[in-house]
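Below is one structure, written out as structure tokens; the observations come after it.
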Amino acid sequence: MTVSLPHQSEPSGTPARPVESPSRKARRRALTLLIIVLLIGVPAGYLMISADQSRDSGKDKEAKYSATGLTEGWPSKVQRRLYQVNVPHPADRIAYYETNNWKTSRLYVQFRTTVAGLDSFLEAMGVQQNGLKANDIAIADRDQKVTGWDFTGPGPWSGFSLRKKNPAPSQDVVVNMSDPKFPMVYVVSLTVP
């Protein structure tokens, strides 16, 4: 003996569903497929692009922090503010190098500027051009070796050291006036955390 289950009848008063035409069914399936592709494809594409940019950024940072000498270009604004090195405008032949360890941090910066730019740079440090001491190579031999700076070429050379209480940075500055219109400036700014 088989038992038949009762079937639910259509609610009264509702019209019967029309049969869907093949073209409408194809459009609905295409729209569904498009929505699925957009919901999955767009985020996946975004993740791929983001990962690629992140990897490239990591390579840039790795190159920056594995540098073993002067790198051409401007130090970041944060570095300039932290080490209190105000590179003036206009300036060219700009290069920098930063070293950090548990004891001290140093920022080495070189640039060529105009006489007005030199005045602006010195003024920001609280020094005037007459505060430069003739033939004073204020940058230590150790720091010269780190950067490859050679202060034996044509001069005149002048410089000064500016010592401040920690944690404010102390600076050693050397200026080459062999081209009086465009002095070359070398700075070592040292801070002790």
Open item on the list: Tell me yes or no: at least one residue of segment 85-93 is under 15 Å from the mean Cα position of the chain (by Cα) and either modelled with pLDDT under 85 or open to solvent by less than 80 Å² (accessible area, probe 1.4 Å) (or both).
Closed with: no
Open item on the list: Looking at the structure I just gave you, is residue 176 touching a residue at least 12 places away in the same chain (Cβ under 8 Å), over 14 Å from residue 91 (Cα atoms) and polar (S, T, N, Q)?
Closed with: yes
TODO: Identify, by number, the condition in (1) touching a strand residue (DSSP E or B) at 6+ places or on another chain (Cβ under 9 Å); (2) open to solvent by 50 Å² or more (accessible area, probe 1.4 Å); (3) within 21 Å of residue 72 (Cβ to Cβ); (4) not in a loop (DSSP other than H, G, I, E, B) that residue 182 doesn't meet.
DONE: (4)
- [ ] Look through 132, 82 and report the one residue that is buried (at least 17 other Cβ atoms within 10 Å of the Cβ), out of contact with any Lys or Arg (no Cβ under 8 Å at 6 or more places or on another chain), modelled with pLDDT of 90 or more and not acidic (Asp, Glu).
- [x] 82
- [ ] Test residue 181 against the stated conditions and say whether it is in contact (Cβ under 8 Å) with a residue 40 or more places away in the chain and of a type in the set (D, E, K, R).
- [x] yes
Open item on the list: So for segment 106-124 (the condition being at pLDDT below 90 and more than 22 Å from residue 74 (Cα to Cα)), does at least one residue qualify?
Closed with: no
TODO: Filter segment 140-171 for residues that are crowded, with 17+ Cβ neighbours inside 10 Å and in contact with a Gly (Cβ under 7 Å, 6 or more places away or on another chain) and give the result.
DONE: 147, 160
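The values are calculated or read from the model by the stated rules, or taken from the named source; none is laboratory data. If you're wondering where the values come from, they're calculated on a predicted model, not measured in any experiment. Methodologically, a virtual Cβ is constructed for each residue, glycine included, from the backbone with ideal geometry; neighbour enumeration extends over all protein chains shown. For the accessible areas, the whole protein counts, side chains as well, though only heavy atoms, and no ligand, DNA or RNA atoms are used. Shrake-Rupley method; radii C 1.70, N 1.55, O 1.52, S 1.80 Å.
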